[in-house]
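What follows is a short report on a single structure.
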Amino acid sequence: MRVRVIVALAAALVLLSSGLGTSARWYEELRFADDPITVTSGELAIASSDVAYRVLGRYPTDTRFEGLTACTAPQGFAHCAEASAAQLGDFRFMRGDRLTVESRFDVTATGTNLRYAITVTPLQQTPSPGWTSEDTVTPGGVLTGAQTVTVERTLEFSGPVGAGDWAAAFGDVTVPDITVQAVQEDR
Amino acid sequence: MSHRQRPRHRVLAAVCVLALVAVVVAVALVPSGATFARYFDEAGDSSGATLSSQQIAATTEGVITPDYGDWNWFDRQTNETSLTVTNSSPTAMVATVAIGSVALTGANTGQASGKARAYVVDRTGAKQQIASSVTTTRTTTQFPEANLSWTLAPGASQKIVVGVESNSTQLLYQRLVGAAGAKFDFRFAVNWRVDGLSSAESAELYPHGALGPNPGDRAACPAGATAAQECRGVVATVKRPVVTVATGSNTTGACSVTDNFDLSHTFSVNTSTLAAYSGLAKTARELQGSNPGNYGSYAPIPDVGSGFTGTSVEVVRQPYEVGEGYDLTFTFVIRGTGGAGTHVPGPNGERATQSPVYTLSMKRERFSIFPTCSVSLASL
C-alpha cells in the first residue's frame, strides 16, 4: 500500500514537471519604446523617411497653381501640383480640390519567420464637415523583410453639404501627422 | 476479497485526481495568442498641416447712375445705369446675365409709356433691345448666352450697361421731356459658372451657386430666377434734358441765304429755333473735322465762314464759279456752356452740354445765283 502511494505521487510529479503534451513555451511580453529595441532573436522597427504633398484642382483656369511644380493630373482633375509644406499653408482649397499626403516609412525587419503588418492610426474625426479622408498603405497585408511602405492620405474638400453648415465648412482645419504601427503577426 | 480491493480503488482515484490536476496545469501553461509577445514599433511623420479653404467669390453690384440733376451731359444723353460683375476667385468665372423684367414706375410714367425702349449693351458693345416699348411691367426673355455672357479672369470686373432710350429719333430730346422722373426698374438674375466647366458641373460643385445659399438681393429676383442665381435690380431715371429740340425740327427751315458783294453767299442757321438751352451760352462746332468726337478740343467753326454769333451759325461759301454748282453738307452741334453754379457737374466734371447733331445742306445749281439751304437733325 505505501509503495503504491509513493508510486502514484511520483507519477503525478513526473506529469507536472515534464510538460508532456502541454506545448508550454518560454515567453516574454514587451512593448517597445519609441527607439527600436533589438533583441537577440530579431528586430522590427519603422521610421518616417519623407513626405510629399500634391494638390489637385478641377478648374481649368486656376491661378492658385501658378508657381507650383506641376505633376500629371489624374482623370477628373485639371491641375496637379507638388507643394512644399510652406506652399501648402498658403494654398486655399476650394470645393472639389483634393490633397494627397504621400508619406514613406522605412521598415527594418529581421528575424526568422518574422511577419508583420502596417496599420495607420485613422484620423480621430473628419477634419470638418466639408472634408473627407482616406488612408491607403502600399504594400498592404502581411509583410516580411525590410522595405519601404507608402502611406497615402487623401483629403478631399467637398465643401458644405447643406445650407446650415455653409460658413463652418470654410474654416481652417488642422490635420495631424500620419502615425503608423508595425506589428508582428502571430502566425 | 472486498477488503483487499478498497485500497486499490483509493490509489486509482488519487492517481486520476493528480492526473486531472496535471492536465489543468498543463493547459494553463500553454501560451495563448493573447499573451504571446509581439514585435511592435510605431512612427509618425511630420505631415500635419493647417488647411485653409475659400469659397468661390463673385459679386454683382447694381450701380445706380449718379444724380446729375436734369442735365444730359455729353456722355449721358441717354439714361444709363449698370451692373458690375466681379470675379474675386482664383479661377476664371463666366457670368451670364438674364434680364427678367423692366418696369416703369415713378413720376410721369404716362409720358414715358410707349416712348422709350430699354436696352443692354452686350459683349460686343452693341445695344440689345430688351423691350421695344415700356409701358408698365414687361417681362422679357433671356438673351442668348453668347451675347450676355462675360468670361472674367481672376480678379477681373465687367461693367454691364443697361439703359433707356427713345424708341424713335429725337424722342429723348422731345417727347421724353415730360417724362422726367419716370423710373425704369430692371430686374436681373446673374448666373455664375466656372470657366471650363459646364453649368451642370458647376452646379455639382456649387449647388447653391457661387455665392452661397442665398446670393444677392432675393427681393430683386425676377420671376423664374433660380436659387443659384444672384439677383440685382437697378433703376434708370429719365432726366429732363437740358437740351430740348422742338418736335418736327428734323426738317427745320431755320436757314437763310445772304448774297455777298463778292458773289459769295452766307448760310445762316438760327440756332434759337433749333435747340433750347436753359441758362447757357451757345457755341457751335463743326463735326466734319479730324476729331469730331473730341469735345475737349471744341472750337468755333474753323474753316468755313464767319463762325458762330451766339444766335446763328454762319457758313460762308466763297468764291464760286457760276458755271459750277455745289452740293455740300455741314454737320455741327450746338453747345451750351457756362452753367450756373447750381448745375451739378457731369460725371467727368463737365459743365457743358450739347445738342443733337445737325446737318446743314447747302446747294446751288450750275449758273444759278440762288443757293438753297436746309437744316435737319442728323442723329441723336
Tell me, which residue of the stretch A:123-140 that is in a loop (DSSP other than H, G, I, E, B) and within 12 Å of the chain's Cα centre (by Cα) is surrounded by the most Cβ atoms within 10 Å (Cβ to Cβ)? A:Leu123
For the stretch A:87-106, does any single residue satisfy the condition of being farther than 20 Å from B:Glu201 by Cα, modelled with pLDDT under 90 and in contact with a Phe, Trp or Tyr (Cβ under 9 Å, 6 or more places away or on another chain)? no
Restricting the stretch B:187-205 to residues that are within 9 Å of chain A (Cβ to nearest Cβ) and more than 24 Å from B:Lys159 (Cα to Cα), the residue that is modelled with the highest pLDDT: B:Glu201
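Residues are listed down the side, and each one gets a yes or a no for (1) part of a strand (DSSP E or B); (2) within 12 Å of chain B (Cβ to nearest Cβ):
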{"site": "A:Val55", "(1), (2)": "yes, yes"}
{"site": "A:Pro60", "(1), (2)": "no, yes"}
{"site": "A:Arg64", "(1), (2)": "no, yes"}
{"site": "A:Pro74", "(1), (2)": "no, no"}
{"site": "A:Cys80", "(1), (2)": "yes, no"}
{"site": "A:Ala86", "(1), (2)": "no, yes"}
{"site": "A:Gly89", "(1), (2)": "no, yes"}
{"site": "A:Arg95", "(1), (2)": "no, yes"}
Every residue in the stretch A:29-65 that is within 26 Å of the chain's Cα centre (by Cα), open to solvent by 60 Å² or more (accessible area, probe 1.4 Å) and at pLDDT 55 or above, please. A:Glu29, A:Ser41, A:Asp50, A:Arg54
Scan the stretch A:149-187 for residues that are more than 10 Å from every other protein chain (Cβ to nearest Cβ), over 12 Å from the mean Cα position of the chain (by Cα) and at pLDDT 80 or above and report the count. 2
Evaluate the stretch B:121-130: report whether one residue or more is modelled with pLDDT of 85 or more and buried (at least 19 other Cβ atoms within 10 Å of the Cβ). yes
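The values are calculated or read from the model by the stated rules, or taken from the named source; none is laboratory data. Keep in mind that this is a model prediction, so the values were computed, not measured. Positions of Cβ are generated from backbone atoms using ideal geometry, with glycine treated the same way; all protein chains shown enter the neighbour counts. With ligands, DNA and RNA removed, areas are computed over all heavy atoms of the protein, side chains included. Shrake-Rupley method; radii C 1.70, N 1.55, O 1.52, S 1.80 Å.
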